Amino acid sequence: MRAGSVEPQEAAEDRGREQRGWYFYDFACSVYSTSVLTVFLGPYLTSVAKAAADAEGFVHPLGIPVRAGSVFAYSVSLSVILAVLLMPVAGAVADRTGRKKPLLGAAAYLGATATTGMFFLDGDRYLLGALLLIVANASVSVSMALYNAYLPQIATPEERDRVSSRGWAFGYTSGALVLVLNLVLYTGHDGFGVSESTAVRICLASAGVWWGAFAVIPLRRLRDRRVATDGSRLTMGQGWRQLVSTLKDMRRHPLTLSFLLAYLFYNDGVQTVISQASVYGSEELGLDQTTLITAILLVQVLAVFGALAMGRLAQRYGAKRTILGSLVAWTLTIGVGYFLPAGAPVWFFVLAAAIGLVLGGSQALSRSLFSHLVPRGKEAEYFSAYEMSDRGMSWLGPLVFGLTFQLTGSYRDAIISLVAFFVVGFVLLARVPVRRAVAAAGNPVPERI
């Protein structure tokens with residue numbers, strides 16, 4: 001059996017079993033992104049670093065003076081660099097050997113272990129926290145590249161929009177569920193007989209336990225496809241040489257690259273809105289932490305329905321048209337956000353609801369659309385490039401946001417500047433002839449795409 005797309009003889013029942021198992025990796029690892037990276041770790045690691053700081057507010061890892069308030073941001077940046085180095089090699093090894101599942105399992109449990117270890121992040125152990133963050137964040141990126149590469153193998157072209165949307169919906173469901181449990185513990189820590197610090201550490205560690213526990217399901221149900229090999233053992237050096245070969249190969253598929261370029265722009269806008277919305281809410285609108293966390297929870301819940309609804313729209317109108325519609329919705333949402341009155345949490349919740357409804361669908365359909373543009377046998381490598389665009393290249397949006405605020409002193413001007421990313425992404429995606437791109441990649445063209 002080929003390592004590429006779904007083969008005709010694969011029974012629908014077998015595909016369905018794999019698809020249901022595949023959904024559960026999103027269910028497993030999304031709690032890390034929600035509870036750890038978005039909500040709890042940033043403020044807590046910063047407080048730990050400040051406890052270790054000198055009188056001037058600096059810590060000194062490896063003798064380098066670093067402001068305590070920058071430790072979290074720098075750790076995230078280092079994790080992204082590490083992920084960018086590892087993802088293409090992991091993808092090359094997976095495609096060369098046909099053994100994605102062992103690599104997925106290794107990345108998943110390394111990340112889950114590092115996240116669980118955050119329970120021991122107390123006192124002034126900021127270096128431990130930074131190291132665990134770097135390992136966990138790089139691991140989730142590598143594992144998602146391998147996980148995404150299963151999509152064209154477990155779903156027919158006609159199924160992919162639905163399967164991808166359900167995967168995102170599973171992820172947002174688990175993120176919302178665990179975040180509710182975390183908030184109950186965090187806000188009521190006195191009633192549970194634990195300190196605020198201990199409550200945060202339990203919340204962090206619980207995400208790792210959840211990740212590891214539910215990763216068992218996809219690892220039991222997903223299966224590797226055989227590939228023809230020459231019997232030689234693949235070394236790290238060969239993995240890098242194959243990466244160079246992959247980059248050269250991508251030049252032979254300019255329409256696939258055109259989609260990746262469009263995705264890089266509009267996804268950069270999406271990621272920046274997600275990361276900076278709380279800053280906008282607290283600094284410009286004067287909202288408290290409880291309001292901001294509630295808004296994050298609202299985004300998680302509505303993203304489930306948004307992903308499923310947009311998956312159905314894609315079945316009727318095609319993934320490309322539905323994504324383009326979501327980019328229009330993103331642009332209008334940001335425009336409305338510019339005019340939100342300060343000190344009015346209700347309107348911020350309305351903004352969060354709008355973000356939630358378009359967030360899951362635009363991400364899910366982008367993944368499924370890209371799966372049609374990947375040549376057979378190169379799924380893991382190409383999805384590594386996709387994941388690099390998703391996680392490794394989302395730096396321009398925050399830079400534009402920060403520079404706009406620096407020049408104008410207004411977070412309203414900073415948030416409206418992000419409209420440019422959605423407009424450019426819309427124009428670039430609209431110019432991609434997706435049916436021709438699918439055919440050029442050697443894949444069957446779906447009736448609607």
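Being of a type in the set (A, V, I, L, M), surrounded by 20 or more Cβ atoms within 10 Å (Cβ to Cβ) and at pLDDT 90 or above is a description that does not apply to Leu151.
Selection over region 412-449 of residues that are within 30 Å of Val279 (Cα to Cα) and not in a loop (DSSP other than H, G, I, E, B) gives a count of 16.
Selection of region 278-299 for residues being open to solvent by 40 Å² or more (accessible area, probe 1.4 Å) and either under 17 Å from Gly188 (Cα atoms) or outside any helix (DSSP H, G or I) (or both) yields Gly286, Asp288, Gln289, Thr290, Thr294.
Of the residues making up region 7-30, not a single one is open to solvent by 10 Å² or more (accessible area, probe 1.4 Å), touching a helix residue (DSSP H, G or I) at 6+ places or on another chain (Cβ under 7 Å) and on the phi > 0 side of the Ramachandran plot.
Residues that are in a helix (DSSP H, G or I), surrounded by 20 or more Cβ atoms within 10 Å (Cβ to Cβ) and either among the hydrophobic types (A, V, I, L, M, F, W, C) or modelled with pLDDT of 95 or more (or both) within region 104-126 comprise Leu104, Ala107, Ala108, Gly111, Ala112, Ala114, Thr115, Thr116, Met118, listed in sequence order. Output the residue which, of all residues in region 413-440 that are more than 21 Å from Ser326 (Cα to Cα) and surrounded by fewer than 18 Cβ atoms within 10 Å (Cβ to Cβ), is nearest to the chain's Cα centre (by Cα). Ranking the candidates gives Asp413 first. Going by the structure shown, is Gly318 open to solvent by less than 30 Å² (accessible area, probe 1.4 Å), among the small types (Gly, Ala, Ser) and on the phi > 0 side of the Ramachandran plot? Yes.
Whenever a residue of region 369-394 is closer than 14 Å to Arg436 by Cα and of a type in the set (Val, Ile, Thr), its partners that are part of a helix (DSSP H, G or I) and at pLDDT 80 or above, lying with C-beta atoms within less than 8 angstrom and at least six residues away or across chains, give the pairs Val374/Pro152; Val374/Thr256; Val374/Tyr382; Val374/Phe383. Taken over region 335-356, the criterion of being surrounded by fewer than 21 Cβ atoms within 10 Å (Cβ to Cβ) and part of a helix (DSSP H, G or I) is satisfied by Gly335, Val336, Tyr338, Pro345, Val346, Trp347, Phe349, Val350, Ala353, Ala354.
The values are calculated or read from the model by the stated rules, or taken from the named source; none is laboratory data. Computed from a predicted model, the values in this text were never measured in an experiment. Glycine also receives a Cβ, built like all others from the backbone with ideal geometry; neighbour counts cover every protein chain displayed. For the accessible areas, the whole protein counts, side chains as well, though only heavy atoms, and no ligand, DNA or RNA atoms are used. Shrake-Rupley method; radii C 1.70, N 1.55, O 1.52, S 1.80 Å.
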